[in-house]
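What follows draws every value from the coordinates through simple rules; no lab data is involved. None of these values were measured; they are calculated from a predicted model. With ideal geometry, Cβ positions are generated from the backbone for all residues, glycine too; neighbour counts draw on all protein chains shown.
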Amino acid sequence: MSFKVISGGQTGIDILGVKLAKEVGLETGGTIGYSRNHYITEYNDGINRDVFNFTKTGNIYYPYRTEQNVINSDGTVYFATDADTAGYWCTKKSADKHRKPFLLNPTDSSVLLSFIKENNIRTLNVAGNRGSKLTLEKIEEATIILMETFDTIKKMEV
């Protein structure tokens, strides 16, 4: 059984999730905003998003890609320094609407692994604050949790 990590490709947690998944050899993807042959402004960070197997949409508004990634996953993990943002509420509303499991700020990899196992998640949507809204501590915390989780999952695939 394969495991896939998807995201909306935004700077911050979205891109961190797929980068770490790719590093350990997991499948990646997701729906991202794309307009006039250019990534929308928030994506212009020098990262080549083509390597993550993203589907590009002509709809540049984040609610569309957010909902698509919720729909195309079995559950969403959301990392946030500030969970009272439009992006958080859009993601949470989409998860509730489509009756998909949602986990906010897991405290360690065992919490995330339990969430994945209990909800039989084979495609995980990794979402969260954009880069400019994150503290260094939240980035480091998310990196550790995601890397430990993805390492464990990859070992189980073999």
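Backbone amide hydrogens, once placed in the peptide plane, bring Gly30 within less than 5 Å of Ser7, Thr55, excluding anything fewer than 5 places away on its chain.
Shown in residue order for region 98-113 are the 3J(HN,Hα) couplings computed by the Karplus curve 6.51 cos²θ - 1.76 cosθ + 1.60 at θ = phi - 60°: 9, 6, 10, x, 9, 10, 9, 6, x, 7, 6, 5, 5, 5, 5, 5 Hz (x for Gly and Pro).
Relative to the Cα centre, the charge distribution of region 4-157, modelled as +1 at Lys and Arg Cβ and -1 at Asp and Glu Cβ, gives a dipole magnitude of about 580 debye. Along region 79-91 the Karplus relation, 6.51 cos²θ - 1.76 cosθ + 1.60 evaluated at θ = phi - 60°, assigns HN-Hα couplings of 10, 8, 6, 10, 8, 9, 10, 4, x, 4, 5, 5, 5 Hz to successive residues, with x for each Gly and Pro. Between (1) 0.99; (2) 0.96; (3) 0.93, which matches Rg/Rh (Cα atoms, Kirkwood Rh) calculated for the structure shown? After the calculation, the listed value that fits is (3). By other beta-carbon atoms within 10 Å, ranking Asp84, Asp14, Asp108 with the fewest at the front produces Asp84, Asp108, Asp14.
Normalised by the number of residues in the chain, the mean separation of alpha-carbon contacts (under 8 Å, six or more apart) gives a relative contact order of 31 percent.
Phi angles across region 16-28 convert, under the Karplus curve 6.51 cos²θ - 1.76 cosθ + 1.60 with θ = phi - 60°, into 3J(HN,Hα) values of 4, x, 6, 4, 5, 4, 4, 4, 8, x, 8, 5, 10 Hz, Gly and Pro given as x. A Förster distance of 30 Å, applied to the separation of the beta-carbon atoms of Asp74 and Thr107, puts the FRET efficiency at 0.90.
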